[in-house]
Amino acid sequence: MEKLFESMYKLIVETSTNLPKDVRRAIYEAKLKENAGTRAAMSLATISENIRMADENVSPICQDTGLPTFKIKVPVGVNQLKIKEVIKEAIAKATKDGKLRPNSVDSLTGENSGDNLGEGTPVIKFEQWEKDFMDVRLILKGGGCENKNIQYSLPCELEGLGRAGRDLDGIRKCILHSVYQAQGQGCSAGFIGVGIGGDRTSGYELAKEQLFRSVDDVNPNEDLRKLEEYIMENANKLGIGTMGFGGETTLLGCKIGAINRIPASFFVSVAYNCWAFRRLGVYIDPESGEITKWLYQDGEDVDLSNPPANEETAASSDSESRVVTLEAPITEEQIRELKVGDVVRINGIIYTGRDAIHKYLMDHDSPVDLNGQIIYHCGPVMLKDENGNWEVKAAGPTTSIREEPYQGDIMKKFGVRAVMGKGGMGPKTLQALKEHGGVYLNAIGGAAQYYAECIKSVEGVDLLEFGIPEAMWHLRVENFTAVVTMDSHGNSLHEDVDKSSLEKLAQFKEPVFK
Ligand code: SF4
């Protein structure tokens with residue numbers, strides 16, 4: 001069991017810190033398609049650099065390490081209870097070592113278990129098979145993309161596409177719609193797994209299972225193969241692009257499976273996964289517990305740093321982008337000068353705040369003076385060093401739209417001038433930015449190592465009782481780069497991309513598959 005523990009620990013650490021080869025190849029292809037100097041190219045350069053850093057530092061690619069989900073096939077007679085125990089121990093150790101963020105929260109009290117263990121976490125699913133070895137696969141799928149999963153019940157009416165019927169063409173429309181509705185909020189460019197049929201539960205399970213297929217495999221079902229190819233070709237015409245900034249690549253992979261359904265139901269379920277597609281697998285010898293083979297690691301190696309990921313090139317070669325340095329406290333005048341598309345480099349202090357902090361600030365005073373300050377939507381991975389000082393292990397942005405009900409009110413109440421996260425915010429926040437004089441800054445989702453490197457020190461923490469990801473961390477940063485995507489003049493890049501992609505979606509209204 002000791003060897004098995006080591007093997008499971010290795011699988012968890014590798015999955016969290018090192019993207020598999022098939023995923024790297026898909027990102028490389030996307031890089032080749034983007035025009036140099038665009039915001040999409042800049043994002044992909046940052047993503048590539050982040051992948052390199054995570055691998056080199058053996059640290060999480062993205063701070064949101066999701067709900068660890070294992071799919072295991074075992075020969076008849078193997079003790080599944082023991083395997084479960086070993087996996088739980090390995091998960092707790094990986095969390096303690098900062099390879100996973102403590103992500104398991106009591107659904108009613110909000111209390112974080114601190115070790116990623118709890119009712120329903122991790123998810124471990126067993127299946128028996130006739131072979132004499134174990135196949136163990138793990139996916140770490142974060143909340144930003146998990147929240148963009150969607151399920152359709154056919155027939156239905158779809159925005160931009162009209163009626164989707166109970167046939168292959170209706171399925172085609174649902175899949176295109178699922179990509180449109182995700183916009184950049186699931187950290188596009190993404191991968192989708194699609195499940196056709198089943199009931200609501202098994203449909204979603206099938207969709208997630210598709211994510212365990214290799215990005216470059218070929219569907220053995222001829223109809224589904226054609227549909228996968230069609231989706232890959234056409235979803236990228238929506239122009240949503242990396243991070244929803246617009247661009248050539250919106251989708252990096254599409255895998256579709258089908259199971260039987262009952263006559264009354266026809267579900268199409270879609271599991272959306274961000275570019276930080278952390279899934280790996282191993283074969284294990286059940287006698288020794290040793291890894292005999294790593295999965296998803298066949299085929300060509302690509303050099304993601306080619307063309308080189310360079311922050312200077314990224315920001316300055318975009319002819320539309322002005323580069324502005326910001327340091328809090330920021331005045332209203334400074335903020336009103338910023339326009340959508342400007343690149344900002346932040347120096348000085350920023351404060352993290354996500355779901356629990358926003359809810360708290362609605363009814364309480366802030367533990368720090370937030371006047372003129374920057375709130376960063378982020379739930380970092382933090383560890384204490386040997387001297388008891390906090391160290392940042394991963395610190396990319398979280399999905400901002402969750403704070404939409406609170407954000408505008410909080411900015412006005414405390415005088416906050418900038419909020420930073422990913423995926424953009426809605427009309428209520430846009431209105432508040434206009435009235436109060438504020439901006440929304442979009443950092444590159446998933447670039448947890450890249451941003452951790454910009455954090456020079458942890459100056460303090462408040463409300464740690466909410467748990468590490470939810471506390472308010474005071475971070476001193478240098479050259480922390482983000483893009484203004486909503487300004488104080490009523491402009492929103494997210495609104496523009498949504499509108500233009502909806503118009504493009506309408507070109508796919510006519511039937512394609514009979
Ligand atoms: S890359 Fe984005 S969507 Fe994916 S886990 Fe990280 S924050 Fe969530």
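The values are calculated or read from the model by the stated rules, or taken from the named source; none is laboratory data. The shown structure was predicted, so the numbers you read here are calculated from the model rather than taken from an experiment. Methodologically, a virtual Cβ is constructed for each residue, glycine included, from the backbone with ideal geometry; neighbour enumeration extends over all protein chains shown. Surface areas here come from the heavy atoms of the whole protein model, side chains and all, with no ligands, DNA or RNA. Shrake-Rupley method; radii C 1.70, N 1.55, O 1.52, S 1.80 Å.
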Residue that is farthest from Lys3 (Cα to Cα), among those in region 258-289 that are in contact with a Leu (Cβ under 8 Å, 6 or more places away or on another chain) and open to solvent by 10 Å² or more (accessible area, probe 1.4 Å):
Phe266
So, Tyr230, is that one under 30 Å from His377 (Cα atoms), not in a strand (DSSP E or B) and not small (Gly, Ala, Ser) or not?
no
Residue check: is Val512 farther than 16 Å from Glu332 by Cβ, more than 22 Å from the chain's Cα centre (by Cα) and assigned to a loop (DSSP other than H, G, I, E, B)?
yes
Restricting to region 1-39, give me the number of residues that are acidic (Asp, Glu), crowded, with 19+ Cβ neighbours inside 10 Å and modelled with pLDDT under 95.
1
Region 439-457 residues that are buried (at least 24 other Cβ atoms within 10 Å of the Cβ), paired with ones that are in a strand (DSSP E or B) and basic (Lys, Arg) (beta carbon under 8 Å, 6 or more apart)
Asn442/Lys422; Ala443/Lys422; Ile444/Lys422; Gly445/Lys422; Ala452/Lys393
Within region 422-446, which residues are on the phi > 0 side of the Ramachandran plot and within 16 Å of the ligand (Cβ to nearest atom)?
Gly423, Gly424, Gly446
Quick test for you: out of Val123, Val86, Val136, Val105, pick the one residue that is more than 28 Å from Ala443 (Cβ to Cβ), under 21 Å from the mean Cα position of the chain (by Cα) and either open to solvent by less than 30 Å² (accessible area, probe 1.4 Å) or β-branched (Val, Ile, Thr) (or both).
Val123
Assigned to a strand (DSSP E or B), at pLDDT 95 or above and among the aromatic types (Phe, Trp, Tyr), is that true of Tyr440?
yes
So Met53 clears everything in (1) outside any loop (DSSP other than H, G, I, E, B); (2) under 16 Å from the mean Cα position of the chain (by Cα); (3) under 22 Å from Pro469 (Cβ atoms) except one condition, right? Which one?
(2)
Among what's in region 184-211 and is part of a loop (DSSP other than H, G, I, E, B) and open to solvent by 20 Å² or more (accessible area, probe 1.4 Å), pick the residue that is nearest to the ligand (Cβ to nearest atom).
Gln185
